[in-house]
Amino acid sequence: MAKSKLETRIDEGAKKIEESAEQAAERFERGFINWVKNDRFFDGFRNTYARVLLISLATIWLVGGLIYCYIYSSGFFIYAIGVALSVLAQKISVRFVFTTGDLKLADEYQEARRNRAYRRAYSWVTNIVTGLVMTILFFGYVAVYLTDGYIPLIPSAFEWNLGPYEVATILVFFMGLFSLIPHFAWGFKGEPFRSKNEPNE
Amino acid sequence: MVSAKDTQKIEERIARLQNDTSFDWARKPAVQKSIAVATALAALATPVGFLNGSITGVAVAAVMFVGYFILRAATREVAELPNRYLDERELALRNATYVKAYQTAATLVAGLAVFMFIYAISIDVADEKFAIELGFDQIQAVVWLFLGPITVIPTVTLALKGGRK
């Protein structure tokens, strides 16, 4: 059956809207990639001194916040927001090179350095997680000793009381840890200082 | 510091490893991928095995380690060797493998943390205190829950990518 004039017009209109939406998405993607690669506004986040400062602050916030929130059961939202801001600052500092996916944000040098950073990050995370498990076991044994007065080779049970608040804090800590470690493993060396008048190479 | 004698021993071992043909059977793509999948499954099953008793746990962990060492030999230990023993292509392959390995490990840990969070909330809603009470086997399960996957993920990922022939 032949389409009515109205139906044809609706089809054409829908097609045009679809095309312009696709074009807008492409323009946005190109604009974003261009901004990531050439941005000068956040240069203050990218030099070596800034990277040392950002890494130090993020580490103190991640670990200190975990201890504070766990012990006092307060400040969770500020902790979570602080961790998210630390991750964002790190992403800006390395020009989003750890964002893998369809967007091609890294050049060849950045890709090689990123992959090397992931390898270092993996070995750091392995050590951190193993260390954490061993620390928890150590405190478990200390707790058994304080209760029973001796340390059995195979204790009957360790007890660890957790509320949702503590679990949520630990969750944010692990999310933050796994997001931040590759950025830390990227290294302190940042982009060279440039005056605002110096053009991009 | 490593002495010259030790360095020579390491270099001899690596030279043997690079010329090894005894694991050629495990380097066939289909066999290598099957062993990699079996090792990954054994790594995930080890904590469950320990929850069913020490003997079951040790048996499953043994399967994981057998698979892991076969894969290490089959991929000529590219995932573990120091940089100076790898050529440029192998270094690139190894580093790219760690990108995937890191993302896999992060996903596993994040999944576990989210599961714990949902479980803790459901317990709280039921007005109970979320208390973890761990016996010896449960402690083994927790340790292997992290240690097993973290140990095998890079080698398994490399084997699934094809490794070194």
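Nothing in this text is a laboratory measurement; each read-out follows from the coordinates by a stated rule. This is a predicted model, so every value here is computed, not measured. Cβ atoms come from the backbone with ideal geometry, glycine included; neighbour counts cover every protein chain shown.
Rounding to the nearest 20 debye, state how big the charge dipole of the stretch A:3-109 is about its Cα centre with +1 on each Lys and Arg Cβ and -1 on each Asp and Glu Cβ.
Values: 14 positive and 13 negative charges, 46 e Å.
Dipole size: approximately 220 debye.
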Pairs of lysine in chain A with Cα under 21 Å and at least 8 positions apart or on different chains: total?
10
In Å, the Kirkwood hydrodynamic radius from C-alpha pairs for the protein assembly as shown sits at 24.3 Å
Note down the relative contact order for the stretch B:1-147 as a percent, whole number, built from C-alpha pairs under 8 angstrom at least six residues apart.
28 percent
To the nearest 500 deg cm²/dmol, what mean residue ellipticity at 222 nm is calculated for the protein assembly as shown from DSSP H runs of n ≥ 4 alone, each contributing -39,500 (n - 2.57), summed and divided by the residues?
-25500 deg cm²/dmol
Go through B:Gly57, B:Leu91, B:Thr21 and say which Cα lies farthest out towards the positive end of the charge dipole of the stretch B:16-165; charges sit on Cβ, +1 for Lys and Arg, -1 for Asp and Glu.
B:Thr21
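How large is Rg/Rh for the stretch A:92-147, to two decimals, with Cα atoms and a Kirkwood Rh?
Values: Rg = 18.8 Å, Rh = 14.1 Å.
Answer for the stretch A:92-147: 1.33.
What translational D, rounded to a whole number of µm²/s, comes out for the stretch A:1-132 from Stokes-Einstein when the hydrodynamic radius is the Kirkwood one over Cα pairs, at 37 °C and 0.692 mPa s? All intermediate terms of the calculation are to be shown ahead of the outcome.
On the way: Rh = 18.9 Å.
Approximately 174 µm²/s, per Stokes-Einstein.
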Give me the mean projected area, in nm² to one decimal, of the convex hull enclosing the Cα positions of the stretch B:26-118.
7.4 nm²
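Would you mind getting me the FRET efficiency between A:Leu88 and B:Ile10? Use the beta-carbon distance for r and R0 = 41 Å, nearest 0.05. The partial results should precede the final answer.
Values: r = 43 Å, r/R0 = 1.05.
In this case the efficiency is close to 0.40.
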To the nearest 20 Debye, how big is the dipole of the stretch B:27-130 about its Cα centre, given +1 on the beta carbon of each Lys and Arg and -1 on that of each Asp and Glu?
580 debye
Please work out the ratio of the alpha-carbon Rg of the stretch B:13-75 to 2.2 N^0.38 Å and round it to two decimals.
1.30
Sequence of B:Glu88, B:Glu12 once ranked by neighbouring C-beta atoms within 10 Å, starting from the fewest:
B:Glu88, B:Glu12
Determine the dipole magnitude for the protein assembly as shown: charges of +1 sit on the beta-carbon of Lys and Arg, -1 on that of Asp and Glu, nothing else is charged, the reference point is the Cα centre, and the result goes in debye to the nearest 20.
1360 debye
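Classify the stretch A:1-70: rounded, prolate or oblate, from the alpha-carbon gyration tensor (a ≥ b ≥ c, eigenvalue square roots; a/c under 1.5 rounded; otherwise prolate if a/b is larger than b/c)? Write out the running numbers ahead of the final one.
Working: a/c = 9.06, a/b = 2.63, b/c = 3.44.
Cα axes put the stretch A:1-70 in the oblate bin.
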When the scattering of chain B is computed by the Debye formula from its Cα atoms alone, each counted once and equally, what is log10 I(q)/I(0) at q = 0.16 Å⁻¹?
-0.98
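In which sequence would A:Glu18, B:Glu77, A:Glu108 go, from the one with the fewest C-beta neighbours within 10 Å to the one with the most? Please list the in-between numbers first.
Values: A:Glu18 10, B:Glu77 20, A:Glu108 7.
Result, fewest neighbours first: A:Glu108, A:Glu18, B:Glu77.
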Using r as the Cβ-Cβ distance of A:Ser20 and A:Lys104, and R0 as 35 Å, what FRET efficiency do you calculate, to the nearest 0.05?
0.90
Leading residue at positive end of dipole, the protein assembly as shown (Cβ point charges), from B:Ala45, A:Val142, A:Asn38:
A:Asn38
